[in-house]
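In what follows, a structure is listed as structure tokens, so that the remarks can point back to it.
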Amino acid sequence: AGIMGSTFMSTAFVSLAIGIAIERESGMLKRLAGTPMPPAAYFLGKIGMVLSTVIVQVAVLLAMGVAFFHVDLPTSARSWGIFVAVFLLGVTASTLLGIAVGSWIKDSKSGPAVVNLPFVALQFISGVWINVDMLPTWLQKTSQVFPLHWICRGIRQALLPDAFKIVETGASWQLTTGLLVLAGWCVVGFAVCAKSFRWTRG
């Protein structure tokens, strides 16, 4: 579940932010700016591209889990509904944040340095590699501000037995809170994109 959540953000946030910096530096965005396409259409196109890519990645991860690690996939409609909701909100939020950060990157060479450091840090405090209850309380609270925590937590709720919630903060899944945080990041991400996105290097 943690690796799957990390995959969401790696594709939607890291790769997209660097890719946009490359597109701007190469002049591709400048050429798109000369067309009637509004920025919102560009954002939606990027979200669609990331969604289709991540769907393939998720399918491969689930297939590998079943084939090589004997993972039991959930059978209830509710579990899959949680998975889909977290998937859509998580990928959308990560994509919009990737576009927003990509707008601030000055050139493609600095891109990896800008996005990889915060992404690696978030992995270690968001339940990707270790249980969040092993972290100091202040780090647990810090991680809950960011989408990766709630993406991983939501996927764990969808894929793992309910008894596993004991290792979560508060010993509960807090699904409603997670969905609201992810939806909030979608709104913030879109607002920042709409205000700061640049077709050319400033």
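The residues of region 160-198 that are open to solvent by 50 Å² or more (accessible area, probe 1.4 Å) and outside any helix (DSSP H, G or I), listed by number, are L160, P161, Q174, R198. Would you confirm whether or not region 89-111 contains a residue that is open to solvent by 30 Å² or more (accessible area, probe 1.4 Å) and more than 23 Å from F190 (Cα to Cα)? Checking region 89-111: at least one residue is open to solvent by 30 Å² or more (accessible area, probe 1.4 Å) and more than 23 Å from F190 (Cα to Cα). Show the residue pairs meeting these rules: Cβ distance below 6 Å; 6+ apart or different chains; first residue within region 188-202 and at pLDDT below 90; second residue buried (at least 17 other Cβ atoms within 10 Å of the Cβ) and among the basic types (K, R). Pairs that qualify, where the first residue is at pLDDT below 90 and the partner is buried (at least 17 other Cβ atoms within 10 Å of the Cβ) and among the basic types (K, R), are R201/R24.
I'd like the residue in region 112-123 that is within 30 Å of G27 (Cβ to Cβ) and hydrophobic (A, V, I, L, M, F, W, C) and, out of all such residues, is surrounded by the most Cβ atoms within 10 Å (Cβ to Cβ).
Only one residue fits best here, namely V115.
If the condition is being open to solvent by less than 50 Å² (accessible area, probe 1.4 Å) and closer than 24 Å to A85 by Cα, then region 124-141 contributes I125, S126, G127, V128, V132, Q140.
The values are calculated or read from the model by the stated rules, or taken from the named source; none is laboratory data. The shown structure was predicted, so the numbers you read here are calculated from the model rather than taken from an experiment. Please note: Cβ atoms are built from the backbone with ideal geometry, for glycine as well, and neighbour counts cover all protein chains shown. Protein only, heavy atoms only, side chains kept; ligands, DNA and RNA dropped before computing areas. Shrake-Rupley method; radii C 1.70, N 1.55, O 1.52, S 1.80 Å.
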